[in-house]
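Data first, discussion second: the structure below is written as structure tokens.
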Amino acid sequence: MTLLTRNPNDFLAFARACAPDFGPATAKAAFLVAPDGFGLAVESATDNVYMGSADAFDPVRAAMQHRGLHQAMSRTLPTICFAGSPDTPDALFPNNVFATAPERLIIGRMRHAVRQREAERMDIRAFFRKSLAYREIDLSTQTHPCELTGALVIDRARGLGFCGLSERCDEIGAQLMHVAFGLRATLVFDLAPGEYHTNVVLAVLAGRAALFCPDGFADPATLETIAACYAPHAIRLSSIERMAFAGNAIALAPGEVWMSSRAELGLSPASRRRLSEAGFELRAVPLDAIEAAGGSLRCCVAEVF
């Protein structure tokens, strides 16, 4: 039995019965896409309030910081990097377009045409199909936006999904992703007006903790459900922490939480203490040039399960 619901009470009752035996809590590897052709994607800027203006983009600094991220991540887990392209200036955020479940590559449907071109990349598809023998689930040719692990935050240990609806993901898109990832249960909810992706306001960390930003959600009942699922390690972030991208974090190992240096500096002492109490050490990488494009560290990371 699986559950896809907008009812927080139904989801919580189901989730509490799910043991952390669905799969590994963190990825076995990861891949990045280099910021070649990095610049302002005008289409993306129409619904991403975190993006900077055109003069905030520094391609040289972004490339250096992205290389630093690659080097740092490679010390924790195998990490490869595909080339970017001037035709796809947002391609350095591949987790919205490509995601994996065991032996499956999932390709999302992007809202904007500039990002839909990323889904056509045959090199990434071929890597998973030929080198890893992964089966391909292609959602990119249907009409409903479903921007994968941007819109859908997944607890891989328990098989739970948290899917925020916005212009980047509708209800049918949420259903398609629920099936593609083979999740046990997915809670569907509305993001606050102006929010574009769930992974900016919510991070589930190795299946045992969560960072969440209350002002990123339309319904307080969603917040209480998340808090109940991850108590006592459900950590509420302030608006200041959200704007610093502290919610755009990821556990790349069971005891490591990764975020940008800006996000780490923006964390309150209470948030730091609670992450430590949950058994996590912080890993931070400078990404301020990349953050001009409206995403941060978690957006750069496509996980391989």
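None of the figures in this text is laboratory data; all of them are computed from the coordinates on show. Fair warning: this is a prediction, and the values are worked out from it, not measured in the lab. FYI the Cβ positions are ideal-geometry reconstructions off the backbone, even for glycines, and counts take in every protein chain you see.
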In debye, nearest 20, what is the charge dipole magnitude of the chain about its Cα centre with +1 on Lys and Arg Cβ and -1 on Asp and Glu Cβ, if you could check? 900
List residues of region 35-49, by number, whose backbone nitrogen lies under 20 Å from a label position 7 Å along Cα→C-beta of Q71. 35-36
In percent, how large is the relative contact order of region 71-168, given Cα pairs closer than 8 Å and 6 or more residues apart? 26
With 10 Å bins from zero, work out the P(r) of region 163-241 over every alpha carbon pair and list the percent per bin. 19, 51, 29, 2
Note to self: C-alpha centroids of region 128-179 and region 3-49 sit apart, in Å, by 8
In terms of the Cα gyration tensor, with a ≥ b ≥ c the square roots of its eigenvalues, is region 160-305 rounded because a/c is under 1.5, prolate because a/b exceeds b/c, or oblate? rounded
Please identify the helices of the chain, taking whole runs of DSSP H, that span at least 20 Å along their own axis as judged from the Cα atoms and have a mean Kyte-Doolittle score of -1.0 or higher. 59-74
Taking R0 as 25 Å, what's the FRET efficiency between H144 and N9 from their Cβ-Cβ distance, rounded to 0.05? 0.40
DSSP beta bridge pairing in region 103-233, given as percent antiparallel to the nearest 5: 55
I'd like the antiparallel share, as a percent to the nearest 5, of DSSP beta bridges with both residues in the chain. 45
Shape metrics for region 254-305, restricted to C-alpha atoms - Rg then Dmax, Å: 11.9, 33
Just check region 175-219 against the gyration tensor rule for me: Cα atoms, a ≥ b ≥ c as the square roots of the eigenvalues, rounded for a/c under 1.5, and otherwise prolate or oblate depending on whether a/b exceeds b/c. oblate
The farthest towards the positive end of the charge dipole of the chain, of the residues A253, L265, A30, given +1 on Cβ of Lys and Arg and -1 on Cβ of Asp and Glu, is A253
For region 189-260, what relative contact order do you get, as a whole percent, if you take Cα pairs closer than 8 Å and at least 6 residues apart? 32
Debye-sum result for region 82-208 in log10 I(q)/I(0), which assumes one identical scatterer on each alpha carbon, at q = 0.12, 0.21 Å⁻¹: -0.42, -1.26
Note, ³J(HN,Hα) from phi for region 82-90, Karplus 6.51, -1.76, 1.60, rounded to Hz, x at Gly and Pro: 8, 5, x, 8, x, 6, 9, x, 9
What's the ranking of 145-154, 5-14, 81-90, 178-187 by average number of surrounding C-beta atoms within 10 Å, highest first? 145-154, 178-187, 81-90, 5-14
At R0 = 25 Å, FRET efficiency that the Cβ-Cβ distance of E171 and D215 yields, to 0.05: 0.65
Mean residue ellipticity (222 nm) of the chain, computed from DSSP H runs ≥ 4 via -39,500 (n - 2.57), nearest 500: -7500 deg cm²/dmol
Across 10 Å bins from 0, what is the distribution of all Cα-Cα pair distances for the chain, in whole percents? 7, 31, 40, 21, 2, 0
So what is the relative contact order for the chain, in percent, with contacts set as C-alpha pairs under 8 Å and at least six apart? 25
Selected from I154, M110, I235, residue furthest toward positive end of dipole (region 110-255; charges at beta carbon): I154
